[in-house]
Amino acid sequence: MKLLDNGDYSNIALTSIFISAATCGFTSAMISYDYDVDAFRRRQQGWFYGYIPEQPLDRVIIFLAMIANSSLLLLIRCCSMTLMFMMGNEGLTGGLYVGCYMGADHTIYLLQKFARGDFIYWAPVPGTFFTLFSSFVVRVMMKTIADFTCLVQFRHPGELGGLYWTFNVIAAIAVSLFSVDLYYKNDEREKGEIKGKWLSENELWVWQGMLMMGGAWVVVFGLFLTFMRKEYRASFLSTETGCGYIVSGFLESANDAFRVTIFKVSERPRTRCERYFPACDCVSNTRFTSEPLAGVAIDSRGS
């Protein structure tokens, strides 16, 4: 807070902040990297996993880009939240700003999940109440993690989804710039000052810092898109729902063992899959007794 307020800071504290951000970025990148290069997932869900190329240098660039993107977004988010929290008397009003923003942000996310019929989480939970409660808790947790890390794995249709993942990052950068403007306008109002033509030295420093971090994120993400396999770029704009992803995976996969796992997910996608294989005992067997999927067509990309 001192760093943003008056430039008074410790080099040790600043180093600690950057190390923490880099550690978070490394962990986030490692999760996404491990999921994508896993041979089992690539073989069973090749339409989603496989964006990391085989060339060693390209892999290194992709991995470093994911570390930088997660670290930068974490710094952007933390600075934005700090500025909001510092507004008002002893942080009381600021805490309200943070709470209202986080509440509104998560509410919009949950409402669009409800509207698209994608609120129920894929993990099976017995009972309607526990299904709804666990889905709410997990959705909020995953959204919060994605807010601060931009975990690439969370563009998965079963989590945030590609298009909302992209929107979420853009919104985070935009809100960070808005928070700078809001903080200094509130500071002038409390001190009874009238803003002149030029920005103060501290305000200019903060604006430059936010713009540099936001710009760096865009550049690094552009580098990431350049070196990833081009056929997977569309996944960042995908509107496919989690249920649609599960059903389409069931219909498109050539691996019966993978199809069996579909029947271990939540009820809605499982019910939709069962309509196409009424003759098979998918829970107790690993072989399908029905005819192959050739010629079967449904709108599996919808909700």
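What do you reckon, is E231 at pLDDT 90 or above, over 17 Å from G46 (Cβ atoms) and charged (D, E, K, R)?
no
Is there a residue being within 27 Å of F224 (Cβ to Cβ) and of a type outside the set (K, R) anywhere in segment 113-122?
yes
So in segment 120-170, with the set limited to residues that are polar (S, T, N, Q) and within 25 Å of D38 (Cα to Cα), which one is surrounded by the fewest Cβ atoms within 10 Å (Cβ to Cβ)?
T166
Do any helices (runs of 4 or more DSSP H) entirely within segment 13-122 hold 3 or more residues that are modelled with pLDDT under 95 and under 22 Å from the mean Cα position of the chain (by Cα), and if so, which?
Output list reads 56-86, 92-115.
Only one residue in F167, F136 is within 30 Å of W205 (Cβ to Cβ), of a type in the set (F, W, Y) and at pLDDT 90 or above, so which one is that?
F167
If you check every pair at least six apart or on different chains, which have Cβ atoms under 9 Å apart with a residue in segment 109-137 that is more than 24 Å from L163 (Cα to Cα) first and a residue that is surrounded by 13 or more Cβ atoms within 10 Å (Cβ to Cβ) and of a type in the set (K, R) second?
P124/R270
The values are calculated or read from the model by the stated rules, or taken from the named source; none is laboratory data. Since we're looking at a predicted model, the values are computed, not measured. Glycine also receives a Cβ, built like all others from the backbone with ideal geometry; neighbour counts cover every protein chain displayed.
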